[in-house]
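The values are calculated or read from the model by the stated rules, or taken from the named source; none is laboratory data. Predicted, not measured: the structure shown is a model, and the values here were computed from it. A quick note on method: Cβ atoms are made from the backbone with ideal geometry, for glycine too, and the neighbour counts reach across all protein chains shown. Side chains included, ligands, DNA and RNA excluded: accessible areas come from the protein's heavy atoms. Shrake-Rupley method; radii C 1.70, N 1.55, O 1.52, S 1.80 Å.
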Amino acid sequence: MRQIITMHTKITAEWKVNGSLVIGLFDGVHLGHQELIQEAKKDQREITCLTFSSAMANSIAHKSGGLLLTEDEKEEKLKELGISRELVLPFDEETKNTSKEAFLSFLQSLSPTRIIVGEDFTFGKNIEGKAKDLFSLKEKGIEITILSLKEQDGEKISSSRIRRLLLDGNVEKAKELLSYPFFYTGEVKAGKHNGKRIGFPTVNIEVEPLKVKLKEGVYLTKTSVLGHTYLSMTNVGNHPTIDPLSTSIIETYLLGFDEEIYGKTIRVEFFSFLRPQQKFNSVNELHSQLKQDREICIRLAKEMNL
């Protein structure tokens, strides 16, 4: 589904867009992005998505805290929404220095029947191209649709807004804007087994370093592993009470699960922030708090129908 395309790719028949072309960064594939796709579905034609590499997304998101989705995760979300093909432009000097006119010619060469973008879409060197400039392609027989930006609570739904929410630990509101819970996917790595010693065995994962870092603390989560999903609680932090680390990790306690899964890939979805990370005076005090956290997770999960 995902194909790398460059500004100098020779556009032969296999590259032609057989239907609508939806263009955007699609970092997060949030409700705003989904509205573009839903508009394209009205045509009942094949939908191709022209996106940009994670390097470009990370460059834009750098000051805001990282990516919402890796490239593989973005591809998965686009597939779920019915995208037939994803064309990805790399974040290289050629792409960055392409003139407005050359980019328009590139779009024309793809031969879409329709192009759909949001009103904040920009392109070309020094972002000199604006969404309205796409209307010049109408004379080439390409229909152009520019959608107003989707809002919620009087504010634009955007990737930067969602990142701010996640950095504040507000995973509930982020889920509303994404339409799905924020998640980390990673391979299970061996830890120090301190959780197991106090009756709360955890699995630790390494996550894509470019992804947004959640606020440190304890969360209600659900974890998918070996084809099953378990209610879980996850600590994002450096576990300061026992053998504190120099950097934050993602460690998850799965309710009703106690298997060795080192090397397996799991997915941890975040639903609610329970409390900030804290250092306890003793292991017994920590154990008591974890028992309370577990009960809160069970109660909240029932209230949220998880």
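If you sort THR113, THR223 by accessible surface, 1.4 Å probe, largest first, the order is THR113, THR223. In a reduced charge model with +1 at each Lys and Arg Cβ and -1 at each Asp and Glu Cβ, the chain shows a dipole moment near 240 debye about its Cα centre. Compared with the rule-of-thumb size 2.2 N^0.38 Å for a compact globular protein, segment 1-137 has a Cα radius of gyration ratio of 0.98. Remark on the chain: Rg and Dmax equal 22.2, 74 Å (Cα only).
Measuring r between the beta carbons of SER160 and GLU93 and using R0 = 25 Å, the FRET efficiency lands at 0.50. In Å², what does the accessible area per residue of segment 6-149 work out to with a 1.4 Å probe? Each residue of segment 6-149 exposes 45 Å² on average to a 1.4 Å probe.
Paramagnetic label reach from TRP15 (point 7 Å along Cα→Cβ; backbone nitrogen cut-off under 20 Å): within segment 62-105, residues 84-105. Bridgeable aspartates and glutamates around LYS100 (alpha carbons under 15 Å apart, same-chain partners fewer than 8 residues away excluded): GLU128, ASP133.
Here the chain has 47 percent of its accessible surface on carbon and sulfur atoms, given a 1.4 Å probe and all protein chains in place. Extension gain, LYS41 to THR122, is 26.9 nm, computed as 0.36 nm per intervening residue step minus the present C-alpha separation.
The protection proxy used here, the mean number of other Cβ atoms lying within 10 Å of each residue, ranks peptides 162-168, 263-269 as follows, highest first: 162-168, 263-269.
Heavy-atom accessible area, probed at 1.4 angstrom with all protein chains present, ranks HIS30, HIS228, HIS287 as HIS228, HIS287, HIS30, highest first. Taking the average, over residues, of other Cβ atoms within 10 Å as the packing measure, peptides 149-156, 47-54, 13-20 rank 47-54, 13-20, 149-156 from highest down. Just the accessible area for LYS42, please: 1.4 Å probe, Å², rounded to the nearest 10? About 140 Å², rounded to the nearest 10.
Per residue of the chain, the DSSP helices (runs of n ≥ 4 H) give a summed -39500 (n - 2.57) that works out to -8000 deg cm²/dmol at 222 nm.
Rg over Rh for segment 203-295 works out to 0.94, both radii taken from alpha-carbon positions and Rh defined as the Kirkwood radius.
Full extension of the segment from LYS140 to SER248, taken as 0.36 nm per residue of separation minus the current Cα-Cα distance, would add 33.6 nm.
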